[in-house]
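Single-structure report; data block below.
The values are calculated or read from the model by the stated rules, or taken from the named source; none is laboratory data. As the structure is a computational prediction, the values presented were derived from the model and not from experiment. Every residue, glycine among them, receives a Cβ derived from its backbone with ideal geometry; neighbour counts consider all protein chains shown.
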């Protein structure tokens, strides 16, 4: 597998009177078609690492290569452009724009990227929503959808520009067990059927046990990086620390 | 950009009441600015028209700007003359025929040569001091604004034979005289003649209606005992703006003090400039207040929409996009307010144009009977320009702040 993400010595320190280290010297390689769970106790730096991998935050030290692009030294515009084309985000709370319908929310990243015609965007948004069982809810606004439906719309939005990488921050954290299972299956399907790489931060041990690979953090440091034997018999990436 | 516009409109429509207040603030500013500018400009135009219409564009009098130089001073650079009393000039413009011909050769307009002297009109025991102006009726009719203000008769009536005089209606009233009445005119030299009133005018300017009397030039010369003399040349130009250039040339050629209407009314024109400065300062202040309204709403929106900013940034929107988004929101409010303000300004102007004053004697003459209004597209453009500039500044400040928001902080805060 060619590496989609290559992180070397990623460190994030919050400047303060007493500086806080969120992520400490993390090196890892993530390839294509991987479903990875980042686990760890609260405050262990899981989300911070995810934001660094998603170019939402900048490391204090270390380098990050994303889809073959070295991201160090990129300005805001270049980072945003890379994020738009390469990464889809799913957050714990759906984070949909409340004034727009499900279809319009999914169309927003496509409109920003501007690769498709308006007609193609409408069609693709409808297809993405239909694929996750929301064909009848295209024109509903977020407040007219259930929590699980909103999160599924957020997944569809993350896929709008067909990015190779989907980063999910506690995607099932605010859902009931039924909706959690639906969302997990959709994410799993992204890897198996669509060839995406999904990196999900989760507290849910059940989910963590069902993915390809599990990276465990404690105090901002990777303490284990192992493949789930149940899924695959491959060893973990050797440079994981 | 269309996406940003849609997002902007969605945001501001989501703050219905605040949006209405902000737009109303801008609209009031724009509307009142337009109405005020229209009124001020109208007043100024009306005032200028009165100045240009009622006054000669260039006036040459029998004065000189400096005392006449002694011949020795012209010949010897170091000549020093002490104890000399300058020769008494004979009052009046010398060689009037020659001066008139010289002026007619280059002046693009009409010229009237007259003799202005002081005198007293006496009738029924009442004495009123007036300026007696000796004129050529034909020349005067082509130059003087009084030609259009006659209640009875005209300048041509002077040429009807005998000693005739044309006076203002207020003077006639003070004397108790009317058309056809013969009054006695006594000049400053003591000469006295009976003159029949053959014309009455009303200009609306009391000083003229009560203090001027027009007679034939030769009669004025007889009354003032100055045969063939004139002391006042008035020029009405085809283009009033050419007055300073014409005046400079006329003064250089004749040597007599020549004053264009701009110089004669310099202080008034300066006052108009000051008035305009005051007006635009007030308009600017109104727009500043409207700008605070816009600043307030955009700040509130950026605060409330911090989560949206984080979402959009996580999707791949840049800091520049965020800046543009909220700037567009400010401009949209400015634009909406300007459009409404245009309607309001036009309506106010239209309402003011319907106001009618019924003043005594206003049927003839130059008194204002309506509010002076100027209808100019520039008032609308300038007011909207002010509003949009103010909206842009008011939108930019919170927009800059919004662009700098760190999405991670917001996402963490929401989690």
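Numbers at a glance
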| item | result |
| --- | --- |
| Scan of the range B:316-359 for residues that are over 30 Å from residue B:383 (Cα atoms) and away from chain A (no Cβ under 14 Å), ordered by number | B:358, B:359 |
| Scope the range A:83-92; condition at the interface with another protein chain (Cβ under 8 Å from one of its Cβ atoms) and not in a strand (DSSP E or B); matching residues | A:83, A:84, A:85, A:91, A:92 |
| Tally, over the range B:296-315, of residues that are farther than 15 Å from residue B:8 by Cα and either in contact with a strand residue (DSSP E or B) (Cβ under 8 Å, 6 or more places away or on another chain) or more than 8 Å from chain A (Cβ to nearest Cβ) (or both) | 3 |
| Residues that are surrounded by fewer than 19 Cβ atoms within 10 Å (Cβ to Cβ) and either in a loop (DSSP other than H, G, I, E, B) or within 14 Å of chain B (Cβ to nearest Cβ) (or both), drawn from the range A:27-41 | A:32, A:33, A:41 |
| Residue within the range B:359-371 that is outside any loop (DSSP other than H, G, I, E, B), within 34 Å of the chain's Cα centre (by Cα) and either at pLDDT below 90 or under 27 Å from residue B:38 (Cβ atoms) (or both) present | yes |
| Those residues of the range A:160-198 which are more than 15 Å from residue A:33 (Cβ to Cβ) and under 12 Å from the mean Cα position of the chain (by Cα), in sequence order | A:167, A:168, A:169, A:170, A:171 |
| Residues satisfying the stated conditions in the range B:185-210, i.e. closer than 12 Å to residue B:130 by Cα, touching a residue at least 40 places away in the same chain (Cβ under 8 Å) and out of contact with any helix residue (DSSP H, G or I) (no Cβ under 7 Å at 6 or more places or on another chain) | B:186, B:188, B:208 |
| Residue list for the range B:41-87, restricted to those being in contact with a strand residue (DSSP E or B) (Cβ under 7 Å, 6 or more places away or on another chain) and crowded, with 17+ Cβ neighbours inside 10 Å | B:56, B:57, B:58, B:59, B:60 |
| Flag for residue B:254 being more than 28 Å from the chain's Cα centre (by Cα), more than 14 Å from chain A (Cβ to nearest Cβ) and under 25 Å from residue B:243 (Cβ atoms) | yes |
| Among (1) within 18 Å of residue B:336 (Cβ to Cβ); (2) in contact with a helix residue (DSSP H, G or I) (Cβ under 9 Å, 6 or more places away or on another chain) - the single one residue B:35 does not satisfy | (1) |
| Selection count, the range B:2-18, where residues are within 11 Å of chain A (Cβ to nearest Cβ), within 14 Å of residue B:312 (Cα to Cα) and either touching a residue at least 60 places away in the same chain (Cβ under 8 Å) or under 46 Å from the mean Cα position of the chain (by Cα) (or both) | 3 |
| Only listed residue being buried (at least 16 other Cβ atoms within 10 Å of the Cβ), within 22 Å of residue A:19 (Cβ to Cβ) and within 14 Å of chain B (Cβ to nearest Cβ), chosen from A:109, A:59 | A:59 |
| Some residue of the range B:179-186 being buried (at least 16 other Cβ atoms within 10 Å of the Cβ), in a helix (DSSP H, G or I) and in the same structural domain as residue B:96 (by TED's automatic domain parsing) | no |
| Residue list for the range A:42-82, restricted to those being in a loop (DSSP other than H, G, I, E, B), under 16 Å from residue A:163 (Cα atoms) and more than 14 Å from the chain's Cα centre (by Cα) | A:67, A:68 |
| Index of the failed condition, residue A:133 passing every other in (1) touching a residue at least 12 places away in the same chain (Cβ under 8 Å); (2) assigned to a helix (DSSP H, G or I); (3) more than 9 Å from chain B (Cβ to nearest Cβ); (4) under 24 Å from residue A:179 (Cα atoms) | (2) |
| Residue within the range B:20-35 that is more than 25 Å from residue B:205 (Cα to Cα) and in a loop (DSSP other than H, G, I, E, B) present | no |
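Yes/no matrix, rows are residues, columns are (1) over 24 Å from residue B:238 (Cα atoms); (2) part of a helix (DSSP H, G or I); (3) in contact with a helix residue (DSSP H, G or I) (Cβ under 9 Å, 6 or more places away or on another chain); (4) at pLDDT 85 or above:
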{"position": "B:92", "(1), (2), (3), (4)": "yes, no, no, no"}
{"position": "B:104", "(1), (2), (3), (4)": "no, yes, no, yes"}
{"position": "B:156", "(1), (2), (3), (4)": "no, yes, yes, yes"}
{"position": "B:170", "(1), (2), (3), (4)": "yes, yes, yes, yes"}
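Residue-wise test of (1) surrounded by fewer than 17 Cβ atoms within 10 Å (Cβ to Cβ); (2) over 19 Å from residue B:298 (Cα atoms); (3) at pLDDT 85 or above; (4) touching a helix residue (DSSP H, G or I) at 6+ places or on another chain (Cβ under 9 Å).
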position	(1), (2), (3), (4)
B:374	no, yes, yes, yes
B:378	yes, yes, yes, yes
B:382	no, yes, yes, yes
B:388	no, no, yes, yes
B:395	no, no, no, yes
B:402	no, no, no, yes
B:410	no, no, no, yes
B:413	yes, yes, no, yes
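Conditions (1) in a strand (DSSP E or B); (2) away from chain B (no Cβ under 14 Å); (3) without any contact (Cβ under 8 Å) to a residue 40 or more places away in the chain; (4) closer than 25 Å to residue A:46 by Cα, marked per residue:
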position: A:143; (1), (2), (3), (4): no, no, no, no
position: A:155; (1), (2), (3), (4): no, no, no, yes
position: A:167; (1), (2), (3), (4): yes, no, no, yes
position: A:184; (1), (2), (3), (4): no, yes, yes, yes
